[in-house]
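To keep things clear, I will list the structure first and then write my remarks on it.
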Amino acid sequence: MPGVTRDRITSQCKLGNYPFEIIDTGGIGANVDASFTEQVRAEVEIALGSADVLLFVVDGQDGLTPLDQELARLMRRTAKPLLLAINKIDVDQHGPRAAEFSQLGFSESIAISAEHNRGILPLVAWLERMLPAPIFDEAGPGSDPASPIKIAIVGRPNVGKSSLTNAILNDDRTLVSPISGTTRDAIDIPYERHGQHYVLIDTAGIRPRGKVDNSVEVFSVMRSETSIRRADICCLVIDAEQGVTAQDKRIAGMIQEENKPCIVAFNKWDLIKDRTDSKEELKEVLDGLREELFFIPYAPSMLVSAKTGAELTRLFKTIERIRSESQFRIGTGVLNRLLAEAVALHPPAMKSGKRLKVLFGTQPDRPHGKVIPIPEFVLFVNDDGLLDQSYHRYLDSKLREKAPYTGLPILLHLRARAARDKSNDTRGQKFGRNPETGGRPPSGPRKRTNKKADKPRRRLGG
């Protein structure tokens, strides 16, 4: 479908000797997406200005068009290295179609097929030759810098996700409009704040599956769901003026199912503020909104405004707090005393005539390479089927009294004590017992011994 790409989408190419960044832009002209024509063209011009090398892609199936000639003149004005890529030359028999584009007068051109992966490696080799030499820091090309924190900004359509992204960047980086479904791709945007590196992932609005209009929206929603899985933190954006809807709860449920750290940002705070007279009323509004998301009690919430930029500093302070508290580890001794006190204070309920017994608990070391590790605890119990949801929440709350773990879910892994196999029980054999006879000695005639006869007799009187 024409007009699918709207924003500038950046990604890294690793096919060559050194990675370099590619900027994919929306198509220009043909009025395929009239509502966004001016914004898409502005994004293309920004990409032309920031790029080191230009790759002009034309359609080998459609042939040379007047729009191709106009765009060729536009790109020649940049005086940057320029390569013409004639796409959709899928087989050798399509080769003559590429000859028509010689009228554009480019000194460098290559026939490719993106769909069938023809000519891609020669294309990358040409781009590497034209790009400036890579610049490495003092650590050299093999260095491994600290991984940035990936923040997925997710929510329903038209709640202000792209506006919030632009407010954080203080730049019109993503397209914003009142039209639902403006953002179609998950856009990764590097961002640095006070020396800390982040990647903001602006996502398409997630609509209920029954209301998705076309295949483009289907894939947009799929990319948004994938962004939740690959993010380190999810920022759930909700329209504070409209309140928490059923779809907001479903998206919060997705975040919870993926066990992701979460912050809830109620956007359009400026509109709420205009209708309230005191901080107490604002607090009541926030508490009312927060009660709707009772099933993710660990997620901190705040009122923000993408329009005015209010509370964005607090947002990043909360992100840093989540990262810091994720590194905290409860010692094994402290953990087991805490569990013993919790069970003594409120014993588990009976279930099928049995009661849960927590025998031992430990917190494994956090996995290597995780920017924000999720706190996990292993509990050794008598039966892992005896833990119900209410007691799970109780243990969760007791653990958070020792370590708050702001914005972080707590994972409890239960390991049941292995059942004793009586058929292989050899403990009785150590003491001369026979398991087949219930531990009694084997039946049969016993050899009677006269202990007195075995002793030597003593003589009296010498």
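The values are calculated or read from the model by the stated rules, or taken from the named source; none is laboratory data. Just so we're clear, the structure is a prediction, and the values are computed from it rather than from any experiment. Here Cβ is always computed from backbone atoms with ideal geometry, including for glycine, and neighbour counts include all displayed protein chains.
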Inset, instruction - Inspect all residues belonging to segment 262-279 and state whether any of them is buried (at least 16 other Cβ atoms within 10 Å of the Cβ), among the small types (Gly, Ala, Ser) and within 13 Å of the chain's Cα centre (by Cα). - result: no
Legend entry - The lone exception for Phe328 - which of (1) touching a helix residue (DSSP H, G or I) at 6+ places or on another chain (Cβ under 7 Å); (2) closer than 28 Å to Val264 by Cβ it fails: (1)
Inset, instruction - Check whether at least one residue in segment 151-158 is surrounded by fewer than 18 Cβ atoms within 10 Å (Cβ to Cβ) and either at pLDDT below 90 or not basic (Lys, Arg) (or both), and report yes or no. - result: yes
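When you scan segment 373-393, how many residues do you find that are aromatic (Phe, Trp, Tyr) and over 20 Å from Ser326 (Cβ atoms)?
Of the residues in that region, 2 qualify.
Yes/no per residue for (1) touching a residue at least 60 places away in the same chain (Cβ under 8 Å); (2) in contact with an Asp or Glu (Cβ under 6 Å, 6 or more places away or on another chain); (3) within 30 Å of Gln389 (Cα to Cα); (4) not charged (D, E, K, R):
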position	(1), (2), (3), (4)
Val304	yes, yes, no, yes
Leu312	yes, no, no, yes
Phe316	yes, no, no, yes
Arg337	no, no, yes, no
Pro347	no, no, yes, yes
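Taking Arg250, is it surrounded by fewer than 19 Cβ atoms within 10 Å (Cβ to Cβ), in contact with an Asp or Glu (Cβ under 9 Å, 6 or more places away or on another chain) and either touching a residue at least 24 places away in the same chain (Cβ under 8 Å) or at negative phi (or both)?
No.
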Inset, instruction - Quick one: in segment 85-108, of everything that is surrounded by 17 or more Cβ atoms within 10 Å (Cβ to Cβ) and small (Gly, Ala, Ser), which residue is nearest to Gly16 (Cα to Cα)? - result: Ala85
Legend entry - Exclusive hit being surrounded by 13 or more Cβ atoms within 10 Å (Cβ to Cβ) and of a type in the set (D, E, K, R), set Arg118, Arg129: Arg118
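Any residue at all in segment 397-407 that's outside any loop (DSSP other than H, G, I, E, B) and farther than 22 Å from Pro300 by Cα?
So far as segment 397-407 goes, no, none of its residues is outside any loop (DSSP other than H, G, I, E, B) and farther than 22 Å from Pro300 by Cα.
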Inset, instruction - Considering only segment 77-91, state which residues are farther than 13 Å from Gln61 by Cβ and modelled with pLDDT of 85 or more. - result: Lys80, Pro81, Leu82, Leu83, Leu84, Ala85
Inset, instruction - Could you identify the single residue in Glu257, Glu320 that is closer than 24 Å to Ile374 by Cβ and in contact (Cβ under 8 Å) with a residue 60 or more places away in the chain? - result: Glu320
Legend entry - Failed item in (1) surrounded by fewer than 17 Cβ atoms within 10 Å (Cβ to Cβ); (2) of a type in the set (Val, Ile, Thr); (3) in a loop (DSSP other than H, G, I, E, B), with Ile330 passing the rest: (1)
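Restricting to segment 62-97, what's the tally of residues that are among the aliphatic types (A, V, I, L, M) and either over 29 Å from Ser50 (Cα atoms) or not in a helix (DSSP H, G or I) (or both)?
Of segment 62-97, the ones among the aliphatic types (A, V, I, L, M) are 64, 67, 71-72, 74-75, 79, 82-86, 89, 91.
Restricting the remaining residues to those that are either over 29 Å from Ser50 (Cα atoms) or not in a helix (DSSP H, G or I) (or both) gives 64, 79, 82-86, 89, 91.
Total meeting the criteria: 9.
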Legend entry - Given (1) buried (at least 18 other Cβ atoms within 10 Å of the Cβ); (2) of a type in the set (Asp, Glu); (3) modelled with pLDDT of 90 or more, index of the condition Asp52 fails: (1)
